[in-house]
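The values are calculated or read from the model by the stated rules, or taken from the named source; none is laboratory data. Bear in mind the structure is a predicted one, so any value in this text is a computation, not a measurement. Cβ coordinates were reconstructed from backbone atoms using ideal geometry, including for glycine residues, and neighbour counts include every protein chain displayed.
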Amino acid sequence: MAQLLDGRALSRKLNQGCVKPAASELARKPGLAVVLVGSDPASEVYVGRKGLVAGRVGFHHVQITRPVETSQEELMQIVKDLNEDPAIDGILVQMPLPKHLDATQILDSIDPGKDVDGFHPANTGQLSQGRAKFVACTPLGVMKMLEGSEIPLSGKEAVVIGRSNIVGRPMAMLLEQAGCTVTVCHSRTKNLQAHVERAEVLVVAIGRAEHVPGAWIRPGAVVVDVGMNRREDGTLCGDVDFEGASERAAWITPVPGGVGPMTIAMLMHNTLLSAKARQ
Ligand code: GUN
């Protein structure tokens, strides 16, 4: 049976043991602004959690909520005001945005020095050269979790399923920089099973409930499931068949309680970094 990569426990340790004490030593509280446009239920839950944890680690926190019909100009103005606000160190615009909005233009308008999501092209460009100031929170959280369990990565065959800007792409870069040989699979990949069967480290971020069967997992693999899906009966599950994969993997993340809390912990980590740099 696989050992659990317990993101809930590790995130608590990082938040309470590292971020909170470091924040309390600063002259000014780190400030995090989270912007939510519309009322996507999953986004509301994620944004709520980010605010809750920001409060627990002693940050100044503002949530800006706007209706779904908000215009591009209004949202650009919100970002501009936050860029100029000296009490704000980190700006996060929750994705996905409503379809009529141009997310790229919004993300590009965030001050790269306050881009605690690591989505600005200045930050992704630096990440591609292995010298990022802010790394996207989910892939950074995955790396911290692997580090926390002292899982060696150098020379390993890693397979990332998904090529999003939020997870798959930066994840592949970080694994490559840690010495893995990385394959990125996506919707056009032929014979996904053959790639999964080779993976010593498997990261799945596709957003399809239990899409990867346990029988595909290479014995002894490390399985990181970024998915968060709802089954028809309302219960939550990841992108991997957890029960089946647990019988073959050496390590596996639970869903929920794996990657999710680590994403939030890395948001706090990035906001603290920004606050330190700005004070
Ligand atoms: N939507 C899903 N994950 C994320 C994230 O890490 N940051 C933002 N801004 N939106 C998201």
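For segment 94-121, which positions are under 18 Å from the mean Cα position of the chain (by Cα) and more than 19 Å from V167 (Cβ to Cβ)?
P112, K114
Would you mind telling me which numbered condition in (1) more than 16 Å from the ligand (Cβ to nearest atom); (2) out of contact with any Phe, Trp or Tyr (no Cβ under 9 Å at 6 or more places or on another chain) Q193 fails?
Going through (1) more than 16 Å from the ligand (Cβ to nearest atom); (2) out of contact with any Phe, Trp or Tyr (no Cβ under 9 Å at 6 or more places or on another chain) one by one, Q193 breaks only (2).
Here is a list: V226, V212, V204. Which entry is of a type outside the set (S, T, Y), touching a residue at least 60 places away in the same chain (Cβ under 8 Å) and surrounded by 15 or more Cβ atoms within 10 Å (Cβ to Cβ)?
On the way: V212 fails: touching a residue at least 60 places away in the same chain (Cβ under 8 Å); V204 fails: touching a residue at least 60 places away in the same chain (Cβ under 8 Å).
None of the others qualify; the one that does is V226.
Could you tell me whether any residue of segment 64-76 is assigned to a strand (DSSP E or B), more than 23 Å from A22 (Cα to Cα), among the hydrophobic types (A, V, I, L, M, F, W, C) and in contact with a strand residue (DSSP E or B) (Cβ under 7 Å, 6 or more places away or on another chain)?
yes
Among the residues of segment 129-137, is there at least one that is in contact with a Gly (Cβ under 7 Å, 6 or more places away or on another chain), within 16 Å of the ligand (Cβ to nearest atom), at pLDDT below 95 and under 24 Å from V226 (Cα atoms)?
yes
Which of (1) more than 25 Å from L4 (Cβ to Cβ); (2) surrounded by 22 or more Cβ atoms within 10 Å (Cβ to Cβ) is the odd one out, the single condition T189 does not satisfy?
All conditions are met except number (2).
Being at pLDDT 95 or above, within 16 Å of the ligand (Cβ to nearest atom) and either closer than 27 Å to K114 by Cβ or in a loop (DSSP other than H, G, I, E, B) (or both), is that true of even one residue in segment 149-157?
There is no residue in segment 149-157 that is at pLDDT 95 or above, within 16 Å of the ligand (Cβ to nearest atom) and either closer than 27 Å to K114 by Cβ or in a loop (DSSP other than H, G, I, E, B) (or both).
Restricting to segment 84-102, give me the number of residues that are within 16 Å of the ligand (Cβ to nearest atom) and either under 21 Å from G48 (Cβ atoms) or in contact (Cβ under 8 Å) with a residue 12 or more places away in the chain (or both).
Counting residues in segment 84-102 that are within 16 Å of the ligand (Cβ to nearest atom) and either under 21 Å from G48 (Cβ atoms) or in contact (Cβ under 8 Å) with a residue 12 or more places away in the chain (or both) gives 13.
List every residue pair whose Cβ atoms lie under 9 Å apart, where the two residues are 6 or more positions apart in sequence or sit on different chains, the first residue falls within segment 38-50 and is free of Cβ contacts under 8 Å to residues at least 40 places away in the same chain and in a helix (DSSP H, G or I), and the second residue, located anywhere, is of a type outside the set (S, T, N, Q) and within 12 Å of the ligand (Cβ to nearest atom).
If the second residue must be of a type outside the set (S, T, N, Q) and within 12 Å of the ligand (Cβ to nearest atom), the pairs left are E44/L36.
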